[in-house]
Amino acid sequence: MHIAIWIFIFIGLGLWSLLSWGLHAVLTLDPQWLEDVQALIEHVPYAEEIDRWVPGWRELLAMATDLAQSVLGWVGSNAPLVAWIVWGVGALLLLGAGGVLSLIVCMLDEKKHEPRRPGAAAA
C-alpha cells in the first residue's frame with residue numbers, strides 16, 4: 001500500500017512541477033498579447049444571442065482583459081519567485097499528504113497484526 005501511495009504522490013509531484021513550469025511560462029509572456037483578445041471580442045459569433053442572455057458581456061470581458069493585462073504586467077516581473085513559491089507550497093502539501101497517508105496505513109496495519117492475549121476469547 002505504501003508503494004501505491006508514494007507512486008501517486010510522485011506522479012502528482014511531477015504533474016505539479018509541470019504546472020508550475022507552465023505558470024512561469026505564462027507569467028513571463030508579454031502582457032501586450034491580451035490586446036489581440038480585444039479584437040476577438042468584437043467578432044464573437046452569435047454575439048446578439050449572448051447579449052440577450054448576459055447584457056453587457058462585452059464590456060465585462062473588456063474590463064477583465066484590462067485587469068488581466070495589468071496583473072500579468074505586475075506579476076510578470078516577479079515570475080520566477082512566484083513560480084518557485086507556488087511550486088514549493090504545493091510540493092510540501094503533496095509530500096505531507098503522502099506522509100499522513102503512510103502514517104494512517106501504518107496505524108491500521110498495527111491494529112490488524114496486534115497480538116492477542118492468551119486468555120481473550122476469539123471474536
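Taken together, the values in this text are just the output of simple stated rules run on the coordinates, not laboratory data. Computed from a prediction, not measured in an experiment: that's the story for all the values here. Cβ coordinates were reconstructed from backbone atoms using ideal geometry, including for glycine residues, and neighbour counts include every protein chain displayed.
Listed values, structure above:
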| item | result |
| --- | --- |
| Scattering profile of the stretch 74-116 at q = 0.22, 0.30, 0.32 Å⁻¹ [log10 I(q)/I(0), Debye over alpha-carbon scatterers] | -0.74, -0.93, -0.97 |
| Folded to 0 to 90 degrees: helix 79-112 orientation relative to the chain principal axis, Cα | 30 |
| Fewest-first sequence of W74, W87, W57 by Cβ atoms within 10 Å of each Cβ | W74, W57, W87 |
| Simple spin-label estimate for A4 and H24 in nanometres, 7 Å along Cα-Cβ | 3.4 |
| Kirkwood-type radius of the chain, with distances r between different C-alpha atoms, in Å | 19.3 |
| Relative contact order [Cα under 8 Å, 6+ residues apart], the stretch 2-109, whole percent | 50 |
| Charged-residue dipole, Cβ positions (Lys, Arg, Asp, Glu), the chain about Cα centre, Debye nearest 20 | 1160 |
| C-alpha long axis of helix 57-76 to longest principal axis of the chain, angle in ° | 70 |
| Helical mean residue ellipticity (222 nm; -39500 (n - 2.57) per DSSP H run of 4+; nearest 500) of the chain | -26500 deg cm²/dmol |
| Signed unit charges on C-beta, dipole axis of the stretch 2-109, positive-most listed residue L19, M63, V75 | L19 |
